Amino acid sequence: MAEPILDANAAQTYAQPTDSGYFGQFGGRFVAETLTHALDSLAALYAEMKDDPEFKKELHEDLAHFVGRPTPLYLAERLTASLGGAAVYLKREDLNHTGAHKVCNTIGQALLAKRMGKPRVIAETGAGQHGVATATVAARLGLACDVYMGEEDVHRQSLNVYRMKLMGANVIPVTSGSKTLKDAMNEAMRDWVTNVDDTHYIIGTVAGPHPYPMLVRDFASIIGQEARAQMLQQVGKLPDVVVACVGGGSNAMGIFHPFINDAEVDLVGVEAGGHGVSTGAHAAPLNDGKVGVLHGNRSYLMSDDDGQVMETHSVSAGLDYPGVGPEHSYLKDIGRATYAAATDDEAMEAFRMLNRQEGILPALETSHALAWVVENAPKMSADKTILVNLSGRGDKDILTVADIDGITL
Amino acid sequence: MDAVPANQGRIAAEFARLAQHGKKALVTFITAGDPGIDFTVPAMHSLVAGGANLLELGIPFSDPEAEGPAIQAANERALANGMTLAKVLDMVVEFRASNSTTPVVLMGYLNSVLAMTNFAQRAKDAGVDGLIMVNLPQEEAADLRHTLSAVGMDLVSLIAPTTADPRAQEIVTTASGFLYYVSLKGTTGSGALAVDEVAERMSFLQTLTDVPICVGFGIKDAKSAAAVSAHADGVVVGSALVQLMADSADPNIAAERLHSAAADIRHGLDG
Ligand SMILES: Cc1ncc(COP(=O)(O)O)c(C=O)c1O
């Protein structure tokens, strides 16, 4: 298992994006001219490394021995029993080193940075998981590391901020705009445009300009490759539904991609419904957005009639983003995936259920995918199976949850 | 990609006039609606009176990812004042009531323009001559360039220090109006202007095209303008003017200060 690292699954009918980074009408490269050279170089290097045996070996070894892959596929028996419907399988990305799926991407990109001879990496982060994963690989490879984080997120994810600092990264609070993930990404782009010669920008999700949506997806696809093989081996069949939360969309693309050609498998992404999609206070562009351009790509986006990007709301910092990776917009438009939304309250309820019934503390982001399961598993028969990307663990969210419960730790 | 015919409008006329007199273009940038709605049109007139040849007007945007702190703050102030792209066009209409010759170019981010139905025609009707899109590199620009060209507006292309020779060659084939050479790797208002590097790059670019090339980013006063203009057809000054406006208590004070700043730089260029 876990043999193919960067290949899609055997049947190569789905082949996206185009050479210029388009998934249908979505994607592309909408950046300042100064950055186009760096993006061209990155795309060229990646095209070479993708099939390079040395690179694949190095990546594979790090994933096995540093990250601890493959992660288990686990039948959530008590949760399944209490929901009384489809069997719920969890792909345990919370058990990755650093506690989320994000590290699969940061390892891949840091190895690319090393190949390019760039001594410094930068990243944006919302929940701090991508920042931690970047700080981790930077420490491991001896690279300088600066992480941009919205000031609001610095407060709500203070544990991760301290983790990054312990690993030698410099965390830079961003005070512009809404002080969350999108503003951190603006600031990281500004840094990159200034320091493009010696710096690689490790984007943390399947967004940004081409080639990022493609290469982040490919690095994250190890999740789906393992899970697909594990389902066949442990359960004897493919799942009926694959479900994942969607912020920028990396954990969802990572688990969806190897199943795209399996037409009988439903793919469901769950966005942050915040206070409810109808209230406008949410972060669900695929449910309630329109096509626009932000952070280098064309995709669904929460923007107003004047094209201004709107402020978002979610209890989970990692989903609190007005855009979404272009490949999800494409999968939505061609009908290959569907996108639901879970509210803050629904996510919190699912969060509590998984703690009590399985002894697993999920991230608040992940809890949005679980909320879909709580609602929909009971409507499915017992011979059906749901595969959930348990994208990360929730230690980082303890303070937020305690706060919601009115407890000061 | 087929070449777009140069539009024979105000931009071409102004550069032709400057060339005839052996002068360099002073291009000024301010953000529309900053620091107050009523600052902008008087500011445009006083920049022209001070010696500006072409006015760039920034379209306020929520996520100005290529701007430094001064213009970021200007965007936030303008949005807080309720600015929209429609209001930017209204300002151009107001400006045109008493100025029908100075070219006006809007500068901003693609999402603003995409959100307005029939933008090209509306902008043209308002009296806008061209558009600079910060986040629209050559490979993505063909559609918008043709839409603008159809109504006689120029899409101004940017070239950066990191633009490789073959790419620069490609960009100049579709250039119209003027070319904008970004003098440094960084955001607007950065300090690290290296005149020698600009000179070297400009001497190469000028062999590629007859389209006028203006240099922007990092030019803040008469001295830096004079140094750069020796190697260019014009200079763009932005953050310094935006900062000056931010520090002005009312539209009259701002207009006076902009007038003398423009005159000072004009003097440096004509030196
Ligand atoms: C555990 C976890 N899941 C999901 C996300 C959302 O990101 P994406 O949609 O790219 O997977 C994050 C982001 O911080 C995260 O930490």
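Bear in mind these aren't lab numbers, they're just calculated from the coordinates by the rules spelled out. Predicted model only: the values in this text are computed from it and were never measured. Every residue, glycine among them, receives a Cβ derived from its backbone with ideal geometry; neighbour counts consider all protein chains shown.
Rounded, prolate or oblate, given the Cα gyration tensor of chain A, with a/c below 1.5 counting as rounded?
Verdict is rounded for chain A.
Report, by chain and number, residues whose modeled amide H sits under 5 Å from the one on A:Phe30, excluding near sequence neighbours (fewer than 5 apart, same chain).
When sequence neighbours closer than 5 places are left aside, the close amide H contacts are A:His210, A:Gly296, A:Asn297.
Enumerate the calculated ³J(HN,Hα) couplings along region A:224-240 in order (Karplus 6.51 cos²θ - 1.76 cosθ + 1.60, θ = phi - 60°), each rounded to whole Hz, writing x wherever the residue is Gly or Pro.
Once rounded to whole Hz, the list reads x, 4, 5, 5, 5, 5, 5, 4, 4, 6, 8, 10, x, 7, 6, x, 7.
Below 10 angstrom from the Cβ of A:Gly99, what's the summed charge of the other residues (Lys, Arg +1; Asp, Glu -1)?
For residues surrounding A:Gly99, the net value is +1.
Mind pulling the per residue volume of the convex hull built on the Cα atoms of region B:63-106? Å³ is fine.
So the per-residue hull volume is 94 Å³.
Could you order peptides A:217-225, A:134-142 by the average number of other Cβ atoms within 10 Å of their residues, highest first?
Packing proxy ranking, top to bottom: A:217-225, A:134-142.
Along the charge dipole of chain B, Cβ charges K/R +1 and D/E -1, which of B:Thr28, B:Gln243, B:Ala73 sits furthest on the positive end?
B:Thr28
I need the peptides B:196-209, B:143-156, A:98-111, B:178-191 ranked by packing, meaning the mean over residues of other C-beta atoms within 10 angstrom, with the highest value on top. Working shown, then result.
Numbers: B:196-209: 15.0, B:143-156: 19.1, A:98-111: 26.6, B:178-191: 22.5.
Packing order, densest peptide first, comes out as A:98-111, B:178-191, B:143-156, B:196-209.
Of the candidates A:His275, A:His313, A:His155, which one comes out as most mobile in a Gaussian network treatment of chain A with C-alpha springs shorter than 10 Å?
A:His155
For B:Glu56, list long-range residues whose amide hydrogen, built 1.01 Å from N in the peptide plane, is under 5 Å from its own amide hydrogen.
The answer is B:Thr28, B:Phe29, B:Ile30, B:Val105.
If you average over every viewing direction, what projected area does the convex hull of the Cα atoms of region A:279-409 give, in nm²?
9.8
Fully extended, how many nm does the chain gain between B:Glu197 and B:Asp38 (0.36 nm per residue separation, minus their Cα-Cα distance)?
Result: 53.3 nm gained on full extension.
Which far-off residues, 5 or more places away or on another chain, put their amide H under 5 Å from the one on A:Glu271, with H placed in the peptide plane?
Long-range HN contacts for A:Glu271: A:Val246, A:Ala340, A:Ala341, A:Ala342.
State, to one decimal in nm, how far the label point of B:Glu94 lies from the label point of A:Gln233, with both points 7 Å from Cα in the Cβ direction.
7.0
P(r) of region B:10-266 in 5 Å steps, Cα pairs, percent per bin?
P(r) over region B:10-266, rounded to whole percents: 1, 6, 15, 19, 22, 19, 12, 5, 1, 0.
Pick from A:His65, A:His257, A:His97 the residue whose mean-square fluctuation is largest in a GNM of chain A, springs joining Cα atoms under 10 Å.
The residue that fluctuates most here is A:His65.
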